[in-house]
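Asks: Please read through the structure below; I'll follow up with questions.
The values are calculated or read from the model by the stated rules, or taken from the named source; none is laboratory data. Just so we're clear, the structure is a prediction, and the values are computed from it rather than from any experiment. A quick note on method: Cβ atoms are made from the backbone with ideal geometry, for glycine too, and the neighbour counts reach across all protein chains shown. Just the protein is used for accessible areas: all its heavy atoms, side chains included, with ligands, DNA and RNA removed. Shrake-Rupley method; radii C 1.70, N 1.55, O 1.52, S 1.80 Å.
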Amino acid sequence: MLKLHDYWRSSAAYRVRIALNLKGLSYESHSHDLRSNAHHDPAYKALNPQGLVPALDIGGHVLTQSSAIMEWLEETCPEPSLLPPAAADRAAVRAMAALIACDIHPLNNLRVLRELKNDWQADETQTKMWAKGWIAEGFTALETLIGQHGKGYSFGSEPTLADCYLVPQVFSAQRFGVSLDPYPNIRAVNERCDDHPAFVRAHPRHQPDADTVDSNR
């Protein structure tokens, strides 16, 4: 069985859980609490030298980086596809995913916020302002792209890789107090995904390692 090295509140792990569920694949979850630096344990870093989650053990071979894992899933389990059939459309979906993975998420993840606090003496208000600013810039672009391409989901009428990336980023944005009012297209897609079983099962609050008092934040 597939083994997913995971953390309930990790956006990158969350997107992989969604993809696994959409593909109908079973997996075991192995949690590493990022807050206590469990991902830096030597045994885990022997599997993933970066010491990040997610990592996917496919049976003696460990895949790292969520984008690479999801491309592997698409190549080895092509149905249902998370990419549209036309090459230009596939590029558009990948661009939407990369906008989140490369331009939004890295600037508001835990290790960056810790750096701001520890090395640059930013307080809680300042770190939230930092995160909210980059999320707003990315969401403004995504709002336009979904308006151009979406038909219920971020691109077209079926879930794609773009939705796997979007929903965890919305969850993260809401933790920082970002309002979705300026982004009705994003809000509508997120609400649609809230009713999809694959997205529901992947939600942080449904993970075995979720904090009982913090799982909605």
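Asks: If I compute solvent accessible area with a 1.4 Å probe over the protein chains, what percent of it on the chain is carbon and sulfur? The partial results should precede the final answer.
Replies: Details: 5550 of 10540 Å².
Of the solvent-accessible surface of the chain, carbon and sulfur hold 53 percent.
Asks: Starting from the coordinates of the alpha-carbon atoms of region 81-201, obtain the Kirkwood hydrodynamic radius over all distinct pairs and give the value in Å to one decimal.
Replies: Working: mean 1/r = 0.0672 Å⁻¹.
Result for region 81-201 stands at 14.9 Å.
Asks: Could you tell me what % of all Cα pairs in the chain have separations over 25 Å?
Replies: On the way: 8659 of 23436 pairs.
Counting pairs separated by more than 25 Å, the tail of P(r) holds 37 percent.
Asks: List the aspartates and glutamates whose Cα sits under 17 Å from the Cα of K128, skipping any in the same chain fewer than 8 residues away.
Replies: D103, E115, D119, E137
Asks: Moving to a separate point now. Going Cα to Cα from K45, which aspartates and glutamates come in below 16 Å? Please leave out same-chain ones fewer than 8 positions away.
Replies: Partners within reach: D6, D33, D57.
Asks: Which value in deg cm²/dmol, rounded to the nearest 500, describes the helix-derived mean residue ellipticity at 222 nm for the chain, given -39,500 (n - 2.57) per DSSP H run of n ≥ 4 and division by the residue count? Before the final figure, lay out each step's value.
Replies: Numbers: 9 runs with 110 residues, N = 217.
Dividing the helical sum by the residues of the chain leaves -16000 deg cm²/dmol.
Asks: Suppose all protein chains stay in the model; what accessible area per residue would a 1.4 Å probe give for region 51-183, in Å²?
Replies: Averaged over the residues of region 51-183, the accessible area is 48 Å².
Asks: Run down the aspartates and glutamates and flag those whose C-alpha is under 17 Å from the C-alpha of K151, throwing out any fewer than 8 positions away in its chain.
Replies: Answer for K151, where 17 Å is the Cα cut-off: D89, E143, D163, E191, D194, D195, listed by chain and number.
Asks: Quick one: compute the contact order of region 1-146, relative version, from alpha carbon pairs under 8 angstrom and 6+ residues apart, as a percent.
Replies: Taking the mean separation of contacting Cα pairs over the length of region 1-146, I get 20 percent.
Asks: A follow-up question, please. Using the Kyte-Doolittle scale, which helices in the chain average at least 0.0 and also have C-alpha atoms spread 20 Å or more along the helix axis, with helices defined as whole DSSP H runs?
Replies: Working: long enough: 124-149 (36 Å, -0.29); 161-175 (22 Å, 0.41).
The answer, listed by residue number, is 161-175.
Asks: Highest first, please rank the peptides 160-168, 79-87 by the mean number of other Cβ atoms sitting within 10 Å of their residues.
Replies: Answer by packing, highest mean first, reads 160-168, 79-87.
Asks: Could you tell me the relative contact order of region 42-110? Use alpha-carbon pairs under 8 Å, at least six residues apart, and round to a whole percent.
Replies: Numbers: 29 pairs, mean separation 9.3, N = 69.
Relative contact order here is 13 percent.
Asks: Next question, about the same structure. Please work out the C-alpha center-to-center distance from region 105-169 to region 41-97 and express it in whole Å.
Replies: 19
Asks: Quick check on packing: order 59-67, 5-13 by the mean number of other C-beta atoms within 10 Å, highest mean leading.
Replies: Working: 59-67: 14.7, 5-13: 24.3.
Packing order, densest peptide first, comes out as 5-13, 59-67.
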